[in-house]
Each structure stands twice: as C-alpha cells, then as structure tokens.
1. Hey, any hits in the stretch A:114-130 for a residue that's touching a Lys or Arg at 6+ places or on another chain (Cβ under 9 Å), open to solvent by 10 Å² or more (accessible area, probe 1.4 Å) and either within 23 Å of A:L229 (Cβ to Cβ) or not aliphatic (A, V, I, L, M) (or both)?
2. Please verify whether the stretch B:108-123 includes one or more residues that are polar (S, T, N, Q), in contact (Cβ under 8 Å) with a residue 12 or more places away in the chain, within 14 Å of chain A (Cβ to nearest Cβ) and not in a loop (DSSP other than H, G, I, E, B).
3. If a residue must be open to solvent by 10 Å² or more (accessible area, probe 1.4 Å) and not hydroxyl-bearing (S, T, Y), how many such residues does the stretch A:241-256 contain?
4. Does A:G284 fit the bill of being open to solvent by less than 10 Å² (accessible area, probe 1.4 Å), on the phi > 0 side of the Ramachandran plot and within 14 Å of chain B (Cβ to nearest Cβ)?
5. Assess whether B:L66 counts as being within 21 Å of B:V151 (Cα to Cα), modelled with pLDDT of 90 or more and buried (at least 24 other Cβ atoms within 10 Å of the Cβ).
6. Which one is farthest from the other protein chains (Cβ to nearest Cβ) among residues in the stretch A:145-160 that are surrounded by 15 or more Cβ atoms within 10 Å (Cβ to Cβ) and assigned to a loop (DSSP other than H, G, I, E, B)?
7. Of A:R207, A:R227, which residue is closer than 25 Å to A:I109 by Cα, more than 14 Å from the chain's Cα centre (by Cα) and open to solvent by 10 Å² or more (accessible area, probe 1.4 Å)?
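The values are calculated or read from the model by the stated rules, or taken from the named source; none is laboratory data. Source: prediction; values computed, not measured. Note that each Cβ is placed from the backbone with ideal geometry, even for glycine, and that neighbours are counted across all protein chains shown. Accessible surface is based on the protein model in full, side chains and every heavy atom, while ligands, DNA and RNA are left aside. Shrake-Rupley method; radii C 1.70, N 1.55, O 1.52, S 1.80 Å.
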Amino acid sequence: MTRDTAIGSRDAEPSVTPVEVSRWSRTASAFTGACVVAVLILAVVPYVAGGPAEQPLITLLTFIAMASLWNLLAGFSGLTSFGQQAYIGVGAYGLYLVAAHGVNPFAGILLAAFVAAVVSLPVSALVLRLSGGYFAVATLVVATTFQIIATLSPSVGGTTGVSVPGLAGYGDVLREALTYWATLIVAVASVAGVYLLVRRTFGLDARAVGSDPVGAASSGVRVGRIRLLAYLAAAGGAGAVGALIALQTLYIEPTSAFSIQYSVDMLFMVLIGGMGTIEGPIVGALVLFALQETLSAYGAWYLVIVGGLAVVTTLVAPRGLWGWASERLGWSLLPVGYRVRPPAPPGRPASPGRAAPLAPPDPPRT
Amino acid sequence: MTWVNAVIQGMLLGGLYALIACGLSLTFGVMRIVNLAHGDLAVCGAYLALVLSTFFGVPVWATLPLLLPAAFVAGMALQVLLFGRALRHGVLAPVLVTFGLSVMIENLLQVAATSDPRGLNGGALALASFHLGSITVSWLFLAAFLTACAVLSGLQLLLSRTSWGRKVRATSDDLDTARLVGIKVRPVFATVAGIAVATAALAGVFIGTIGTFDPLTGTNILIFAFEAVVIGGIGSLWGTLVGGVIMGVTQVVVGEANQAYAVLAVNLLFLAVLTVRPGGLFTSRQAAGEVQGQGAPG
C-alpha cells in the first residue's frame with residue numbers, strides 16, 4: 001500500500017533539492033490497522049452481545065454506507081442527487097422480486113444492487129444531461145416517478161406493499177444476525193470501495209469534474225464517463241442499501257421505500273462530516289446517529305435542527321467537521337491526495353510530515 | 001365533448017403551474033439558483049393567507065395586499081441572509097442551502113400547524129362558474145390562469161422596459177461586467193428574490209383555494225414548477241406558460257381516461273422532453289448550456 005516516491009533524481013542540478021512526495025503515512029497505517037480491528041470486533045458482536053446491540057449498529061452501519069455512497073456522487077463528482085431514494089426503493093423491490101422467485105434473500109442483496117445499477121443506466125442518460133440544481137430536481141422527479149409506478153403495480157402490492165418472502169426458514173436470532181453481518185459487509189464495502197476508487201486516477205478525474213467540468217474536459221478528462229461511473233456505482237450501492245432496509249423492516253411499501261428522507265439524511269451526514277473526504281461521511285453518520293438517538297423523541301423539531309445544521313454548515317464550515325479537524329490537526333487517516341515534505345536539512349531526519357498536503361481533500365468548491 | 005372540456009380545463013390548470021413556476025424560472029435566470037424551497041415558500045404563503053384571513057375574518061383575496069409585500073420582504077431577507085452567502089461558496093452551496101431550508105420549513109410547518117390538510121376560503125368566486133356551450137368553466141381556474149398571464153406580462157414588461165429590468169438583464173448576462181459598469185448587484189438580486197417569493201405566495205393562495213395543502217405539499221409543488229420550467233425552456237417566461245399548459249392538458253386528458261395515471265403521465269412527459277430536447281421547447285442557447293453544466297459529453 002505504501003507508495004512513497006522521491007521526485008527529483010540524484011543527477012539533478014545541485015540547486016534542485018529533492019522533495020519527498022508521499023501519500024501514505026504512519027498515522028494512516030495505524031488508522032487502517034485500527035479500522036481492521038474495529039471491523040473484526042463488529043463482526044463478532046452477534047456472538048458476544050446479541051440482538052440489543054445489533055439494532056442500533058445496523059442503523060449506524062446503514063448510515064455509513066448511505067453517506068459514503070452519496071459522497072462519491074456529490075462530494076467527489078459534484079452530482080448532488082436528491083433522488084437516490086429511487087435506487088433504495090428499486091433495491092428493496094428488487095430484493096422482493098428475486099426472493100419471490102426463490103433466491104435466498106441474503107444472496108438477493110447482490111442481485112438487488114445489480115438491478116439498481118441496471119435501472120440507473122437509462123436514467124443516467126437523461127439526468128446527466130443536467131447539472132447543479134436542475135440535476136438535483138430531475139433526480140427527485142425520477143424518484144417520484146418510480147414511486148408512482150410502484151404504487152400502480154399490483155404485482156408488488158401497489159399502495160399496500162409486500163412483505164419480504166423466503167425468510168420463514170430462519171429463526172429470529174439467526175435472521176437478525178445475518179442481517180447485521182450483511183449490513184456490516186455492505187458498509188465496509190461501500191467505504192472501502194469508494195476509497196479504493198477515488199485513490200485511482202478516477203478520484204482525481206472525479207474531483208476535477210466536480211469542481212470545474214469545463215476545465216476538466218479541456219484537460220482531457222472524459223467528463224461523461226466519470227459522471228456515469230459515479231452515478232452507476234452510487235445507484236448500485238443504494239440498491240444494496242435498499243435491500244438491507246427491506247430485510248431490516250421485513251416489509252416494503254412505496255411511501256417509505258422511496259422516501260425523500262433518505263436524501264435528507266445523506267445530505268446531512270456528508271455535509272456535517274465533510275464532503276469529498278473518506279473520513280467525513282463516517283463522522284457525519286456518527287453525528288446523525290447520535291442526533292437521532294437523542295432528539296428523535298422531539299419529532300419534527302429533530303428535522304428542523306437537521307435542516308438548520310445543514311444550512312449553517314454549508315455557509316460557515318463548508319468543509320464539515322472532518323475538514324475542520326484535519327486542517328487544524330494535520331490528520332489524514334485515509335489519504336486520497338499526496339503530501340509534499342520539504343527536503344531534509346543535512347544532518348537531520350526528514351521532518352515528520354508537518355508540511356501542507358499537496359492535494360488536500362478538496363473543499364466543496366465546485 | 002369530454003375531450004374538448006379536458007383540454008380547456010387542462011389549459012386553465014396549466015396557468016396555475018406557470019404561476020408557480022415563474023418565480024423559479026426568474027431566480028434561476030438571474031441568480032443561477034435553483035431554489036429547492038420554492039414550493040415550500042408557496043405553502044408558507046398559503047398558511048400565512050389562512051392565518052390572516054381567519055384573524056381578520058375576511059375572504060382570502062383581501063389578505064393579498066398584506067401577504068404579497070410580506071412575501072416580498074421575506075424573499076429579500078432570504079436572499080441577503082442565505083442565498084447570497086451561499087452563492088459565494090460556489091454553485092453547489094445554493095443547492096444544499098435551499099434543500100436544508102426546505103427541510104426546515106416543512107418541519108416547522110408540521111410543528112406549527114400539524115400535518116392536517118387545510119384549504120383556503122375563496123368566497124363566492126371559488127364556487128362560481130359559467131357555461132360555454134356545454135363546457136363549464138370555473139371562475140377560480142380562469143382567475144388563476146389570467147393572474148398567471150398578468151404576472152408573466154408584468155414581469156416581461158418590467159424586465160424589458162424599466163431601468164431595473166435593464167440592470168437585471170445585464171446582471172443575468174454577465175455578473176462581473178455588470179459590476180464593472182456600476183450596477184449594485186446585491187439590491188438587484190434581493191428584489192428579484194423578493195418578486196420570486198411574492199409570486200410563489202400568490203401561487204400558494206391559488207393552490208390553497210383550489211385544493212388543499214399540508215406542510216409536505218411543497219415538494220410536489222416544486223416538482224410541478226420545475227417540470228413546467230424545463231418543458232417550457234429555461235429562462236423563457238412565456239415558455240414557462242406554454243410548459244405549464246402542456247403539463248396541465250396532459251394531466252387532465254390522461255386523468256379523464258384514468259385518474260391514477262395523471263401525475264405519472266406528466267412526469268413521463270417531462271422525462272420525454274428531457275430526452276428529446278433537454279433544453280426545453282423555447283430555450284435560449286446560453287441558458288441551455290448553463291443548465292447542462294457546460295458538461296462536455298464524452
């Protein structure tokens with residue numbers, strides 16, 4: 001994983017001092033190690049703590065997956081979709097359809113993700129023609145249209161909805177544990193998948209497209225392809241999340257499957273945590289989870305606070321909590337950019353990375 | 001004759017859609033902001049009209065002299081406090097800020113007014129109608145349509161004939177050059193936002209009188225307004241009227257066959273226009289380019 005390279009060769013002019021450019025750091029290694037340990041601990045929760053611990057963790061892990069995927073769209077690629085609930089719903093109904101045809105519901109999660117990605121392909125041809133606020137509302141129209149279609153389809157229960165079939169063979173304890181593990185896998189896969197994706201050239205291209213499509217296109221970035229890839233990946237991920245939500249609630253009906261609340265949650269988590277970073281959405285998911293646990297008794301006031309915090313964050317701290325913290329503390333636990341270290345003065349070891357990162361996680365400049 | 005009736009009713013309904021949409025169109029045309037709280041602001045207007053007409057015990061139309069200036073001031077305040085600041089953070093920030101505002105408004109209304117559906121009392125006008133042959137035309141729908149035409153004509157005149165309109169058009173064409181030649185952009189933006197919110201409130205009063213509304217109606221209003229703007233063509237006020245009329249006719253004609261498919265048909269029409277003519281039917285080339293995010297395909 002370490003990709004330390006030294007720019008500037010030994011044969012260079014003496015006046016050119018070599019600088020060390022690195023992406024990985026000791027902090028990042030330690031943090032990755034800690035993440036692996038955390039995931040392992042989370043994986044044994046059903047054995048150790050059982051049901052009461054699973055339910056809140058399922059909520060939190062679902063939040064993390066949703067936030068990471070929305071961040072791929074809005075944070076990295078500049079596509080602020082408020083219609084990802086379209087694919088959450090498609091994933092939920094996709095799970096119902098494959099399970100009704102005899103596929104194991106847990107294996108069906110993967111198929112549901114695939115179905116959502118396939119559905120998003122023709123939709124992308126329409127909505128990716130637009131950008132900014134127009135893209136946002138067009139995705140909302142698509143989600144509403146899907147909801148109406150589900151309402152008008154008697155084969156998926158119309159307005160009343162359907163329960164998820166194929167779960168009769170599982171006891172409650174086993175079913176909840178399997179759902180928990182599936183959620184854990186989807187959450188880890190979303191975070192790791194987005195991370196590995198944006199570490200590649202795609203990440204640089206996507207951020208270029210997000211901040212300035214014209215500039216990106218003129219530098220040879222294939223804007224259309226980058227947007228399409230981000231849109232398909234986010235739709236597939238949302239499909240998996242939708243299938244998980246169906247497995248958690250055991251019942252699918254149009255109003256909740258296509259609820260705009262999912263978009264509100266995603267926007268809030270990514271904004272609060274910090275757009276365009278890997279760590280930000282996780283921080284945002286923790287914040288939303290904490291808010292929901294403490295404030296959901298206040299009903300609508302809880303959402304007033306959520307909306308208000310989103311507005312204030314955009315205007316006052318557009319880089320979110322994580323952006324603020326990493327700026328102050330110089331942390332980059334899951335780096336996507338590179339750091340340049342000044343050359344080591346003779347006789348002293350290289351300064352341990354106090355220098356500014358070369359490519360800091362982009363502020364949501366766009 | 002049912003079909004002719006459906007087309008006429010649809011056209012009248014389309015006027016209402018255009019009235020909702022013109023503020024959205026104006027805000028985008030001048031400030032490049034898609035105000036995602038536009039529908040919620042219309043609902044706020046309806047609630048305010050309800051409060052005022054109950055308080056003074058007058059028909060809802062009598063509250064307009066108080067309601068519209070209040071909405072204008074609210075729009076100016078929103079522009080100065082939120083939208084203008086958001087614009088300084090790039091093109092993404094207004095989308096996020098207006099969406100956050102929309103969530104706030106919807107839930108504040110839930111807290112203040114519960115989620116019961118309400119209606120406005122339009123007095124005698126709301127129930128009156130006249131006959132054209134065998135077709136019954138509601139005065140209320142006709143009033144909404146004529147109001148839409150009046151508002152659109154008024155805006156068009158303001159934009160093309162007054163010095164304020166010249167400033168708005170200059171700012172809309174090229175913000176930096178407008179500043180260079182001495183136009184104070186902030187007051188221009190503030191007045192535009194004020195007018196947009198005032199038209200939204202006016203549309204909200206008609207929506208509340210014709211049907212019912214609840215705190216969550218705003219999202220649907222936004223979607224209809226947005227569809228009218230895109231179908232008609234971005235940045236074209238009369239295009240918005242045509243877009244609204246096309247939507248209204250589609251909705252009523254399809255609803256005549258099967259009510260369940262009426263809204264779906266409008267959404268599909270919108271997606272079809274997006275496929276065939278993404279810039280809308282009457283768009284200026286510049287506006288279309290901006291909406292499509294200058295995105296070079298490929």
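1. Yes: one or more hits.
2. yes
3. 4
4. no
5. Against the criterion (within 21 Å of B:V151 (Cα to Cα), modelled with pLDDT of 90 or more and buried (at least 24 other Cβ atoms within 10 Å of the Cβ)), B:L66 does not qualify.
6. A:G157
7. After ruling out the rest, the residue left standing is A:R227.
Okay, residues lined up against (1) hydrophobic (A, V, I, L, M, F, W, C); (2) over 30 Å from B:A62 (Cβ atoms):
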{"residue": "B:L202", "(1), (2)": "yes, no"}
{"residue": "B:G208", "(1), (2)": "no, no"}
{"residue": "B:L216", "(1), (2)": "yes, no"}
{"residue": "B:E227", "(1), (2)": "no, yes"}
{"residue": "B:Q251", "(1), (2)": "no, yes"}
{"residue": "B:Y261", "(1), (2)": "no, yes"}
{"residue": "B:L271", "(1), (2)": "yes, yes"}
